[in-house]
Amino acid sequence: GLGIPSEPLFRSSSEDAPAPVAPEGWTNLIENGNLAGESVVSFFSKEANGANTNSTIAAMAGKDNSRGIVVKSADNPSQAWDTQFWIKFNETLTTGSKLHVEFDYAASKAAKASTQAHGAPGDYQHWACIGDVNFTTEWQHFSKDIDVTADMATGNNGKGLISIAFNLAEEKTATEYYFDNFGVWAQIAELPKEWKDIMVNG
């Protein structure tokens, strides 16, 4: 089995909460944010230093016993990035874009995960993204707004910010990490137009 902790991590309901909705003027960046459907195109995992694959949605693994994502870690991984989770966007974010990220999260033990800016999942671009995520055995809600910097969007040959990586083996304490109810949206900055010199002998 999943070894999912009992109370207080989960309560009695098994209904999936409505997915958070992007406010007017913002672009939704992911599919199936409440994990009620089958699509996992927006979520990737690397478990126990294996390959990067689409995450698996599991019954009873989400908040209030709804469907959720579980990422399993090795007992004593050697590197912080041996166990990772990614939120992958359906649009590339350019420098100056505004990004909103929210989700519910918990773990089998208290643990901290740093986040990084990536291109495609596993395509490292910058060491900082949405800050640290501090897991506990009780469900918490994360919500943050950031401005996409040039380091996040133009690192690694200018591929743009496409995904957020969570380094889940940072503290090597928890072996299972739980996610649910994602809301990810942006105001995407336009790329600057090229300027032309129209003066002669200026």
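The values are calculated or read from the model by the stated rules, or taken from the named source; none is laboratory data. As the structure is a prediction and not an experimental result, all values here were calculated from the model. Reconstructed Cβ throughout: ideal geometry from the backbone, glycine too, with neighbour counts over all protein chains shown. The accessibility values were calculated without ligands, DNA or RNA, using every heavy atom of the protein model including side chains. Shrake-Rupley method; radii C 1.70, N 1.55, O 1.52, S 1.80 Å.
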Fill in the blank from the handout: Of the listed residues (GLU138, GLU91), the one being of a type outside the set (S, T, N, Q), within 20 Å of ILE188 (Cα to Cα) and either touching a strand residue (DSSP E or B) at 6+ places or on another chain (Cβ under 8 Å) or open to solvent by less than 40 Å² (accessible area, probe 1.4 Å) (or both) is GLU91
Exercise for the section: Could you check, for the range 57-69, whether at least one of its residues is among the basic types (Lys, Arg) and surrounded by 22 or more Cβ atoms within 10 Å (Cβ to Cβ)? Expected result: yes
Problem - Tally of residues being among the small types (Gly, Ala, Ser) and more than 25 Å from THR173 (Cα to Cα) across the range 67-97 - result: 2
Exercise for the section: Just need a number here: residues in the range 126-153 that are in a strand (DSSP E or B) and either more than 25 Å from GLY62 (Cα to Cα) or touching an Asp or Glu at 6+ places or on another chain (Cβ under 8 Å) (or both). Expected result: 8
Fill in the blank from the handout: Heads up, the strands (runs of 3 or more DSSP E) in the range 46-125 (entirely inside) with at least 2 residues that are over 23 Å from ASP151 (Cβ atoms) are 68-72, 98-107
Handout entry: Checking ALA186 against (1) assigned to a strand (DSSP E or B); (2) farther than 22 Å from ASN52 by Cα; (3) open to solvent by 20 Å² or more (accessible area, probe 1.4 Å), the condition it does not meet
Key = (3)
